[in-house]
Amino acid sequence: MRSKFICIITGLVLTIIFGALSSQAAAVMGTVTDGEGNPVVHAHVTLKSPPWQPFTPPDYAVFTQANGTYFLPEVEPNAYRIRAHKPGFGWSGIIIEVTGAEPVVIDFQLPGAGPQGPPPEIIEVSGLAIVDTLGMNQYFLDEDEDGTPDYHLDFGPPWYEPGSGATRPENGDFIEITGGLIDHQFLLDNIIVFEINGLFWFAPPPPPGPSPEDAAANTPEGVAKPHIQSCSPNPFNPETTVAYLLPKAGNVKLSVWNLQGQQVATLIDGYRDAGSHQVTWNASSLTSGIYFFRLAAGSDVSVSKVVFTK
């Protein structure tokens, strides 16, 4: 009888523990590529929980970075319709289930192979910042200062830092924004923030035409942006080598981040000459999982995803 009672109590405790674990928020992440396998910059990735009514705002939303990756660090357990979209590239979406602390990796390939229209209109607006108080990292701009939002502001994932010293606004701050306007017929128009109060945030997407690499090769200076070139091997165990390019000499920081938005290693933090460089990272002291390399050089930031498997 005593052992049976202990088993019942143990079962209840385990049920409580595993129930708590299953209610933990999880990261949702992946890449968005076009029909030719190239990364899609500033694709809009949204998660919406049921009921999936049209023209209702998503629960979570983010835009892809320069290498086509997106990252939502804390998504509550639920069923979601996840969708990636960009004008000229088309859209793709599926139903997913977020069940616990394990990350959910969803890669999209959009049917289009390039923009077929002009890039977002670049506008300059100012007003008061409205920051939501529900913990969803939503930012808005009240242009006429009447207490209601006129634009939704997209600053990227919560862990993103531009390296320029710019910071996200506090509720009620007066701000000046330069960004790319995305018209929305039914919801608030969205502004992808390129500058806040004169400081760099995101680089505007390139206009239709040659790739940034081709355009850089045809300029007199042959200038390209600092970026991570490759991570090899990937997946890796326990070491991977990161190759990165610096078009000009300067201070650079190469750090490693986990899915919880925590910095787990700093590989480089100091002055480096111009050119291609390599550094090897050993992750043997960490757990298997997905990690991000973040290269910051001046106002330029490049991020790359790697998978560590023991």
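The values are calculated or read from the model by the stated rules, or taken from the named source; none is laboratory data. Just so it is clear, the model here is predicted, and its values are computed rather than measured. Neighbour counts run over all protein chains shown; Cβ positions are idealised from the backbone, glycine included.
Within the stretch 192-213, the set of residues being under 21 Å from the mean Cα position of the chain (by Cα), modelled with pLDDT of 75 or more and assigned to a loop (DSSP other than H, G, I, E, B) comprises TRP201, PHE202. Residue count for the stretch 72-97 under the criterion of being among the β-branched types (Val, Ile, Thr) and either surrounded by 15 or more Cβ atoms within 10 Å (Cβ to Cβ) or closer than 10 Å to THR46 by Cβ (or both): the result is 3. Taken together, the residues in the stretch 251-276 that are modelled with pLDDT under 90, surrounded by 13 or more Cβ atoms within 10 Å (Cβ to Cβ) and either over 21 Å from the mean Cα position of the chain (by Cα) or farther than 27 Å from ALA27 by Cα (or both) amount to 0. Close contacts from the stretch 75-104, counting a first residue that is on the phi < 0 side of the Ramachandran plot and without any contact (Cβ under 8 Å) to a residue 24 or more places away in the chain and a second that is exposed (fewer than 15 other Cβ atoms within 10 Å of the Cβ) and in a strand (DSSP E or B), with Cβ to Cβ under 9 Å and a gap of 6+ residues or different chains, come to ILE95/ALA79; GLU97/ASN78; GLU97/ALA79. Within the set of pairs 6+ apart or on separate chains, which have a first residue in the stretch 268-296 that is assigned to a loop (DSSP other than H, G, I, E, B), a second that is aromatic (Phe, Trp, Tyr) and at pLDDT below 90, and C-beta atoms under 9 Å apart? Close Cβ pairs satisfying both conditions: ALA283/PHE236; ALA283/TYR291; ALA283/PHE308; LEU286/PHE308; THR287/PHE308; SER288/PHE308. Across the stretch 141-166, the number of residues qualifying as more than 17 Å from TYR60 (Cβ to Cβ) and under 16 Å from the mean Cα position of the chain (by Cα) comes to 3. For first residues located in the stretch 221-250 and closer than 16 Å to SER288 by Cα and part of a strand (DSSP E or B), partners that are of a type in the set (S, T, N, Q) and at pLDDT 85 or above and lie 6+ apart or on another chain with Cβ distances below 7 Å form the pairs GLU239/THR280; GLU239/ASN282; THR240/SER232. Among the residues making up the stretch 286-310, those that are small (Gly, Ala, Ser), over 13 Å from the mean Cα position of the chain (by Cα) and over 10 Å from LEU254 (Cα atoms) are SER288, GLY289, GLY298, SER299. Scanning the stretch 101-125 for residues that are surrounded by 15 or more Cβ atoms within 10 Å (Cβ to Cβ) and closer than 28 Å to TYR291 by Cα, we see that the one that is modelled with the lowest pLDDT is ALA101. Does TRP281 count as surrounded by 15 or more Cβ atoms within 10 Å (Cβ to Cβ), in contact with an Asp or Glu (Cβ under 7 Å, 6 or more places away or on another chain) and not charged (D, E, K, R)? Yes; evaluated as a whole, the condition is true for this residue.
Condition check ((1) assigned to a strand (DSSP E or B); (2) surrounded by fewer than 21 Cβ atoms within 10 Å (Cβ to Cβ); (3) touching a Gly at 6+ places or on another chain (Cβ under 6 Å); (4) modelled with pLDDT under 80) across all residues:
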position: THR15; (1), (2), (3), (4): no, yes, no, yes
position: ALA27; (1), (2), (3), (4): yes, no, no, no
position: GLY37; (1), (2), (3), (4): no, yes, no, no
position: THR46; (1), (2), (3), (4): yes, yes, no, no
position: PHE55; (1), (2), (3), (4): no, yes, no, yes
position: TYR70; (1), (2), (3), (4): yes, no, no, no
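Filtering the stretch 177-198 to residues that are out of contact with any Asp or Glu (no Cβ under 6 Å at 6 or more places or on another chain) and surrounded by fewer than 14 Cβ atoms within 10 Å (Cβ to Cβ) leaves HIS184, GLN185, PHE186, LEU187, GLY198.
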